[in-house]
Each structure stands twice: as structure tokens, then as C-alpha cells.
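Structure, as C-alpha cells:
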Amino acid sequence: MSHHVYAGPNLQLCAALAIALLWSSVAQSASISVQVTNSAGAPLADAVVYAEPESGELKFKAAHVAEIAQRKRQFIPLVTVVQAGTEISFPNYDTVKHHVYSFSPAKQFDLPLYSGKAAEPQLFDKVGTVVLGCNIHDKMIAYVQVVNTPYFGKTDASGKVKLEGVAPGKYRLKAWHFNLPPLNQVVTQGVDVSDGENAASFKLNVINKAPETSKSNSDY
């Protein structure tokens, strides 16, 4: 003998709301696939691309941590993009000590000679471009682009990046690259993002080359 369990109006209403919210989150999820090329039309890697809503409404990612490592007298990765309010740690995996610093207006700090793990992560809470260096090894250089939106990414070797989870609406789509003069220049275009996949492209007036560095000091 089977028993029928009656779902009262409150339970039915809750189920309907849950389904509606789930459908809404799926329907309103969009992405922007961006192709970035250089002045010659070749794919441009390590270009930072991010979308700022024209409404001014900003959301924040749950995780606000990142890492820039030091290996074989290099910063890895060369380019990092984070949302303002992110802490970045600078572990040193080399056998030699490094002295990490930045004089950039968006973030100034100084980590005296150390190996292993630095004393504490650095908080990047101001939007802008930050250039990192090492007082001991001048060839060591890296860049941090701090943005005020959770919709950001960095192009791969094919010059492509996909911004996921973007809410439909009007945005200012921006692109930055360390070889685009002046260093803090950002190229902007307007985009109207609809449900599903959206496409955009940038052609930046740069030539693919390694970052410029000065002669290295003697290694310690």
C-alpha cells in the first residue's frame, strides 16, 4: 500500500523559487572571448583584459590571494592581474637571496634580502600598474595590473582570453600590455554583453619583445 506525501503550499513555493533562481543564474551567465594581437597582427600573449560595468556596480571574488614566485632569478609569472584588495605573496625558491621592491604609485613596498617565504603578503588595494624589481638582480622584473572588477584575465600564447561569469549588460572592455607605451596606458572599447558567448578583439600598437631590463648586478 503506497502513501502519497502532500507537499504543502510553502514547500511548493520554495521549490518553485529554487528552480527560478537556478534558471536565472544559468540564463544570466555570459562570457566574453577576446582575441588580442600586436601591431603586426600576430597573437599577443600576457595582455591583461578586463571588463568594467558601465553601471558602476562592482562585485568581488571570494578569494583574494595570489603568488608571484622567484625561481632561477626570475619572477613567475611575468604578468599578474588581480582585483583590488588582493594579497600577493612572494616566495623565494632560489638558493640565493632576493630583495623585492616596487616604487610604483599604485603600490610601494620593500622586502629586504630573504630566501624562502617572505615575512608577510603585500596588500594591493589601489588600481594601477605595479612594476616589481630586485635590488640584487636587475634583470628580474615583473608586472602586476590591479583592476576594480572581478571580470579579468590574461591572454595565452595564442593571444586569447575568455572572461567567464559576466552578467549581461553594458561594459567598458579594457586591454593592457607591458610593451604598450606609456606603461600605464589602457585601451578601451564599449561592449554590450548578452546571454551566452560574446566576442571582441583588440589590436595593440606593440611589437612582441621581452621586457626591457638593465644590466644585472653580480649574483649574491
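Normalising the average separation of contacting C-alpha pairs (under 8 angstrom, six or more residues apart) by the number of residues puts the relative contact order of region 110-207 at 18 percent.
Which entries in K126/K154; K117/K160; K126/K160 show an alpha-carbon gap greater than 22 Å?
Working: K126/K154 19 Å; K117/K160 33 Å; K126/K160 27 Å.
Long pairs (Cα-Cα over 22 Å): K117/K160; K126/K160.
Across region 60-148, counting alpha-carbon atoms alone, Rg and Dmax equal 12.2, 37 Å. Applying a threshold of 18 Å to the alpha-carbon distances of K107/K174; K72/K139; K107/K162 flags K107/K174; K107/K162 as lying beyond it.
Using the Cα centre as the reference, give the magnitude of the dipole from point charges on the C-beta atoms of region 60-148 (Lys, Arg: +1; Asp, Glu: -1; all else neutral), rounded to the nearest 20 debye.
Computed about the Cα centre, the dipole is about 220 debye.
No value in this document is a laboratory result; all are computed from the given coordinates. From a predicted model like this one, the values you see are computed outputs, not experimental measurements. Cβ: placed from backbone, ideal geometry, glycine included. Neighbour counts: every protein chain shown.
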